[in-house]
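One structure below.
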Amino acid sequence: MEHEVCIPVSSEIDIVTARQKGRQMAAPLGFSNTELTLIATAISEVVRNIVEYARSGELCLDIVREGDRRGIVVTAQDRGPGIPNIKLAMQDGYSTGKSLGLGLPGAKRLMDEFEIESEVGRGTKITMKKWVQKNAR
Ligand SMILES: Nc1ncnc2c1ncn2[C@@H]1O[C@H](COP(=O)(O)OP(=O)(O)OP(=O)(O)O)[C@@H](O)[C@H]1O
Ligand SMILES: [Mg+2]
């Protein structure tokens, strides 16, 4: 797979599909099995948030190259309610939905790069990247 793949997200079932597609796209790049699990876990969290807070959205996966580095880029986008305070949402333990509040900060720790754009009433876009470690293969 060398092109962007997008998965529509509207229910819990899509979490499984997104995880599988993520592993499938990242595996040939040379990630270890542990790293593939970390990527799949980060994908689960952002997709779960779409289902919980925005009802529907889209998860896209692509391969990125920067010089001799290669990695996977994961984009989760929705037109849901948006996040009023991103700094707060990124804190461990902050949840507006009686949950653990570990999804976003956890996903950030699991990936190498993590960015949120969100506007109240318009939606949320999360972009995260993970690079293949140079001497891992
Ligand atoms: N796509 C989104 N749209 C709107 N709000 C969101 C979205 N994703 C996260 N949020 C807000 O950010 C908060 C923190 O998200 P995070 O995933 O860290 O925790 P959680 O979903 O509440 O709990 P957990 O993920 O641990 O089950 C959420 O409670 C919610 O208020
Ligand atoms: Mg969450």
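Every number in this text was worked out from the coordinates using simple rules, so none of it is lab data. This structure is a prediction, so every number in the text was calculated from the model and none was measured. Positions of Cβ are backbone-derived with ideal geometry, glycine not excepted, and every protein chain shown enters the neighbour counts.
Residues in the stretch 102-137, backbone N under 19 Å from the label point at Ser32 (7 Å along the Cα-to-beta-carbon vector): list them, ranges by number please. Inside the label zone: 109-113, 130-137.
Measuring r between the beta carbons of Gln20 and Arg65 and using R0 = 25 Å, the FRET efficiency lands at 0.60. Here the dipole of the chain is about 240 debye; that uses its Cα centre as origin and unit charges on the Cβ of Lys and Arg (positive) and Asp and Glu (negative).
Just the ratio, please: alpha-carbon radius of gyration of the stretch 5-136 over 2.2 N^0.38 Å, N its number of residues.
My calculation over the Cα atoms of the stretch 5-136 gives 1.01.
The distance from the alpha carbon centre of the stretch 17-71 to that of the stretch 96-137 is 10 Å, rounded to a whole number. Residues Thr75, Thr124, Thr37, arranged from fewest to most other Cβ atoms within 10 angstrom of their Cβ, appear as Thr37, Thr75, Thr124. Cα extents for the stretch 9-74 along the principal axes, largest to smallest and rounded to whole angstrom: 38, 22, 13. What you get for the stretch 1-75, charging only the Cβ of Lys and Arg (+1) and of Asp and Glu (-1), is a dipole of about 120 debye around the Cα centre. The length gained by stretching the chain between Leu88 and Arg109 to full extension, at 0.36 nm per residue less their Cα-Cα distance, is 6.0 nm.
With +1 assigned to the C-beta of every Lys and Arg and -1 to the C-beta of every Asp and Glu, and no other charges, what is the dipole magnitude of the stretch 60-137 about the Cα centre in debye, to the nearest 20?
My answer is approximately 220 debye.
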